[in-house]
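Peer 1: Mind looking over this structure? Questions follow.
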Amino acid sequence: MNWRKIGIIAWKDILEVRQNKSVVLSIVLVPLIILVIMPLVMLLVSGSAGTAEAFTGDPDLQMMFENIPPSIASAFANMNDIQMGMAMILGYLFAPMFLIMPLMSSTSISAESFAGERERKTLEALLYTAATDAELFIGKSLAAFIPSVLIAWVSFILYVLVLNIGGWSIFGSIWFPLPLWYPLVFWVTPAFSALGISATVLISTRVQTFMGAYQTSGSLVILVLGLVMGQAVGLIYLSVWIGIVLGLVIWLAAGILFFLGIQQFNRKKLLYQNAS
């Protein structure tokens, strides 16, 4: 395994991704909407008249508050109704939504791998390089993994600033992040990035266009929506230990897909597909 070749392949892909406006735009807009605009609107609305009554009078919210496990409810101790409502929505229910960041960025970047090379007519030259099949696959995977994880971590820092600065008038203190966010950001997020990349690079070797690879792999967002719905209806409550276990399961799934991708990747087959 030649890591110098892998690094060259990864760096080349990163430079090419920067030239794809649709990829860069999706990477910038998704965090901006989910982690800045939406939270700020909620925090501003929470200061309006009638907000407290809305939190105390909504039976669904009250039922959700009552069913929270004690280990999670302790984080909301000594909060009034508005504070608890905002902390529950932005600090707890929004947690699975954060996982959209690594999935969207990793699938966008990795869809640019082989499918993007094919569209730019540069795939054949790449496949004739001295790098082995495994080195090509790993290099292209790293080109998506490193930026997607860094983007997610920068987005987390941005979210922390938005909630604490934008919510200062409500909480009067630095209240975020909650404990469950640490395994979510530093353990589950890289796992979701690895899962999205493994699936997308594998798919992009079989489809002809960037959009085809991106749309197919984008179905992984269903996993995130499942977590959001599970929390909303009380089927699952994210916590530190749930985050650790969830990350382990996702890492195992990503590892299996990555292993299958390396085993099934065949440059001769790609060259034949590219020529046909």
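Quick note: the coordinates plus some simple rules give every number you see, no bench work behind them. This is a predicted model, so every value here is computed, not measured. Glycine also receives a Cβ, built like all others from the backbone with ideal geometry; neighbour counts cover every protein chain displayed.
Peer 1: Using the Karplus equation 6.51 cos²θ - 1.76 cosθ + 1.60 (θ = phi - 60°), what ³J(HN,Hα) coupling, rounded to whole Hz, does each residue of segment 184-191 give in order, writing x for Gly and Pro?
Peer 2: Per-residue couplings from phi come out as 4, 7, 9, 10, 6, 4, x, 5 Hz.
Peer 1: Next up: Quick check: net charge around Val28, other residues with Cβ under 14 Å of its Cβ, Lys/Arg +1 and Asp/Glu -1?
Peer 2: Residues close to Val28 contribute a combined charge of +2.
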